[in-house]
Amino acid sequence: MNILSVASEVYPLIKTGGLADVAGALPLALEPLGINTRTLLPGYPAVLAKLGNTDVLLHMPDLLGEPATVLSARHEGLDLLILDAPTLYNRPGGPYVDSDGRDFADNWKRFAALSLAGARIAQGALDDWRPDLVHVHDWQAALVPVYMRYDEKPEIPSLITIHNIAFQGQFSADILPDLGLPEHALWEALEYYGTLAFLKGGIATAHAISTVSPSYAEEILDPHFGMGMEGLIASRANDLFGIVNGIDTAVWNPDDDGLLASSYSTATLRKRVANREALTRHFGLDDDAAPIFCVISRLTWQKGMDVLAEVADDLVAAGGKLVILGSGDPALEEALQASAHRHPGRIGMVMGYNEPLSHLMQAGADAILIPSRFEPCGLTQLYGLRYGCVPVVSRTGGLNDTVIDANAAALAAKAATGIQFAPVTVAGLRQAVRRAIRLFDDKKLWYQIQKQGMKADVSWTASAQRYVDVYNRLLGKG
């Protein structure tokens, strides 16, 4: 089976979030199952620099008025198609924002062009390869099924994966003529409360829809989580699937991780203490036996960081320590930095993102706090499970699907892998932290929870098979 995957970012070439991890890992997990995937992504400068040699497959002299070329390359096992359109992608900044952090004014055109190129390839623009199915990710690629729907050429089956419904690709409806779509496409697929939303178009026209966890698939049917699209999604409920993400267990492997002070496994869990000591030194914490909580997150309201800022003092008073890695809302950054200044030796903070440090934090902290208000899937709790860093999570989305709460029944069955709490309030998180500290004080019980989490299957194996099942259904084979 040949699959065309279309995404705006793909790890290890370019990454701003979990979308890149999925777009990079899923093709590799599908390959042993007989699925050949080619991934189309924009030719950002960083991508072209990492690829080096490429081959020209297709010239597109007028892609929404811009010259473009489709290049082919292979990189770390990925079969790639690169949309090289210098007027759209060759500029300073990130994939979506300029050097000052502002959205590019022509993002609508940059990602409509990606979608149009994807639609043309899906419909046979390449001489030597044609996909059986196209799998698109988030709003940046959501117009692929729209372009196929409103084209004279036959469309092929399509699947859209929603990684976070909060990001919808909303633009003025005035751009419709520039998209090259008929006027009725606006009312049939794209119109969203007076604007035009790329994601809505994908949800309306793709043959199937998936989200990155079963719980999130249920949540987006509710107005609280559906962000205004719950009615449309409910009308497509028979075509909606929730498939939890996996992680790359070769990159995230505590038994073979060169970024750690000491590797370890479930059989050698006591060697984990060397990472705890290294983490303590890195953040300037007091060297004592108090439990260390870590946070590795964007510092935003969605991630519940305002609640964390309110609970930080209580966490220290209850006998815990806290280390934070992240950046985001300036007000939340300031509030958390103030907590660190109030509690030297008990709270440490590093601004920004640091991949090696994130590995050390998962290997050295005792628990990871994830108080998200909504979380489509989440990856940091999966890393925590893998590394014996017990997840303390809000009961939502993928967090609910991947962490087994340490209630009495789960503890008795030796099935618990973490702590869940709800709602996301100061009282709720405070209680969860105190629960974690009480469990930590029972070293035998804590060790049991750690080991059970480390045994959990957080790989892509089962999820890749779920995607194959959806592909087969779309192709009439299942």
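The values are calculated or read from the model by the stated rules, or taken from the named source; none is laboratory data. All values derive from a computational prediction rather than experimental measurement. Backbone-built Cβ (ideal geometry, glycine too); neighbour counts: all protein chains shown.
The table for this structure:
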| quantity | calculated |
| --- | --- |
| Some residue of the range 82-92 being over 24 Å from Q168 (Cβ atoms) and surrounded by 18 or more Cβ atoms within 10 Å (Cβ to Cβ) | yes |
| Residue list for the range 151-175, restricted to those being at pLDDT 95 or above, surrounded by fewer than 20 Cβ atoms within 10 Å (Cβ to Cβ), more than 26 Å from the chain's Cα centre (by Cα) and not acidic (D, E) | S172, A173, I175 |
| For N400: the one exception among (1) surrounded by 24 or more Cβ atoms within 10 Å (Cβ to Cβ); (2) part of a helix (DSSP H, G or I); (3) under 17 Å from the mean Cα position of the chain (by Cα) | (1) |
| Residue tally, condition β-branched (V, I, T), under 24 Å from the mean Cα position of the chain (by Cα) and buried (at least 24 other Cβ atoms within 10 Å of the Cβ), over the range 97-145 | 3 |
| Helices (runs of 4 or more DSSP H) contained in the range 204-272 and holding at least 1 residues at pLDDT 95 or above and touching a Pro at 6+ places or on another chain (Cβ under 6 Å) | 214-219, 230-235 |
| Residue that is surrounded by the fewest Cβ atoms within 10 Å (Cβ to Cβ) [pool: residues in the range 243-262 that are hydrophobic (A, V, I, L, M, F, W, C) and in contact (Cβ under 8 Å) with a residue 40 or more places away in the chain] | L259 |
| Residues located in the range 361-383, provided they are over 19 Å from P214 (Cα atoms) and assigned to a strand (DSSP E or B) | A367, I368, L369 |
| Matching residues in the range 330-373 - criterion: being under 20 Å from D306 (Cα atoms), among the small types (G, A, S) and at pLDDT 95 or above | A331, A335, A338, S339, A340, G348, A367, S372 |
| Hey, T37 in contact with a helix residue (DSSP H, G or I) (Cβ under 8 Å, 6 or more places away or on another chain) and free of Cβ contacts under 8 Å to residues at least 40 places away in the same chain or not | no |
| Condition check for R435: touching a helix residue (DSSP H, G or I) at 6+ places or on another chain (Cβ under 7 Å), charged (D, E, K, R) and not assigned by TED's automatic domain parsing to the domain that holds H135 | no |
| Residue identified as farther than 16 Å from T205 by Cα and either part of a helix (DSSP H, G or I) or assigned by TED's automatic domain parsing to the domain that holds Y89 (or both) among I121, I156 | I121 |
| Scan of the range 10-38 for residues that are under 11 Å from the mean Cα position of the chain (by Cα) and of a type in the set (D, E), ordered by number | D21 |
| Residues that are under 17 Å from V144 (Cα atoms) and hydrophobic (A, V, I, L, M, F, W, C), drawn from the range 174-189 | I175, L176, L179, L181, A185, L186, A189 |
| Of residues in the range 54-81 being in a loop (DSSP other than H, G, I, E, B) and closer than 21 Å to L28 by Cβ, the one farthest from the chain's Cα centre (by Cα) | T54 |
| Residue within the range 62-85 that is within 23 Å of V22 (Cβ to Cβ) and without any contact (Cβ under 8 Å) to a residue 12 or more places away in the chain present | yes |
| Considering residues of the range 172-198 that are out of contact with any strand residue (DSSP E or B) (no Cβ under 7 Å at 6 or more places or on another chain), touching a residue at least 12 places away in the same chain (Cβ under 8 Å) and among the hydrophobic types (A, V, I, L, M, F, W, C) only, the residue nearest to H135 (Cα to Cα) | F198 |
| Odd one out for K303 among (1) touching a residue at least 12 places away in the same chain (Cβ under 8 Å); (2) surrounded by fewer than 23 Cβ atoms within 10 Å (Cβ to Cβ); (3) in the same structural domain as L429 (by TED's automatic domain parsing) | (2) |
